[in-house]
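Here's the structure we're looking at; comments come further down.
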Amino acid sequence: MNRVNIFQALRSGRFCALVALAGLGLLFTASGAKAAGCGLPYKPGAALSIPFVSPHGNPLNLQEDEESNKHTSIVGLWHVIYTATSAPTPPFPPTPFQFVESYKTWHEDGTEFENAFLPPAGGNICFGVWKELSHGSVKLHHIGLMFATDGAISNVFTVDETDTVAHNGKTYKGNFDFKVFDATNVFGTGTPLLEVTGTTAGTRITVD
């Protein structure tokens with residue numbers, strides 16, 4: 001599949017809200033007007049730093065040392081910040097920038113659900129499947145839909161992540177790879193129309 005000229009796509013309105021979904025900053029049409037339902041405010045240098053706890057074994061306390069060697073499950077509800085470190089410019093601002101913010105739920109059965117802080121009209125709900133790797137790390141494959149202003153499906157997008165939970169179970173960090181495909185590519189495979197990569201930073205949300 002030939003790569004799509006991003007400028008032509010933007011000029012035709014095809015990406016309206018599209019690349020905003022998984023957080024695509026502000027997209028503009030050729031006239032410079034903000035695309036309907038698209039994007040988050042760009043904050044220069046907005047890469048988020050969330051404390052990541054490293055274990056420090058105590059040879060004098062075997063129980064503490066054993067606990068430090070255990071990994072904590074990612075299952076639960078999280079507040080997540082995605083920071084782009086590589087993205088085509090334009091339509092995106094120079095990296096790094098906050099790509100998207102979301103609530104994400106990792107289910108014990110290996111499925112995942114995400115609600116992005118974006119207008120529903122663009123497509124802010126998406127799902128994924130994940131598996132455990134090792135040492136508290138997981139691999140996620142996530143897929144969702146984007147919509148045109150008339151409600152028709154405009155594009156399919158995928159997000160692939162590798163995340164590692166801190167030993168205290170309160171945070172995780174990792175990397176993401178966001179890709180956009182034509183609406184007919186329902187499985188999101190092959191050469192993408194657009195790709196953004198970066199880092200993830202999650203903070204667990206608890207009952208108390």
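Using the number of other C-beta atoms within 10 angstrom as an exposure proxy, rank LEU194, LEU133 with the fewest first. Before the final figure, lay out each step's value.
Working: LEU194 22, LEU133 12.
Ascending Cβ contact count within 10 Å gives the list LEU133, LEU194.
Taking 25 Å as R0, compute the FRET efficiency from the Cβ-Cβ separation of THR149 and ILE125 and round it to 0.05. Walk me through the numbers on the way to the answer.
Numbers: r = 18 Å, r/R0 = 0.72.
Efficiency, rounded to the nearest 0.05: 0.90.
Using the alpha-carbon centroid of each, what span in Å lies between region 87-111 and region 145-175?
Spelled out, the Cα-based centre of one part sits 6 Å from the other.
Can you work out the FRET efficiency for the pair THR85 and HIS107, with r the C-beta to C-beta distance and R0 = 45 Å, to the nearest 0.05? Provide the component values of the computation, followed by the final result.
Values: r = 28 Å, r/R0 = 0.63.
E(calc), rounded to 0.05, equals 0.95.
How far apart, in nm, are the 7 Å Cα→Cβ label points at SER134 and THR197?
It works out to 2.3 nm between the two label points.
None of the figures in this text is laboratory data; all of them are computed from the coordinates on show. Nothing here was measured: the structure is a model prediction, and the numbers come from that model. Backbone-built Cβ (ideal geometry, glycine too); neighbour counts: all protein chains shown.
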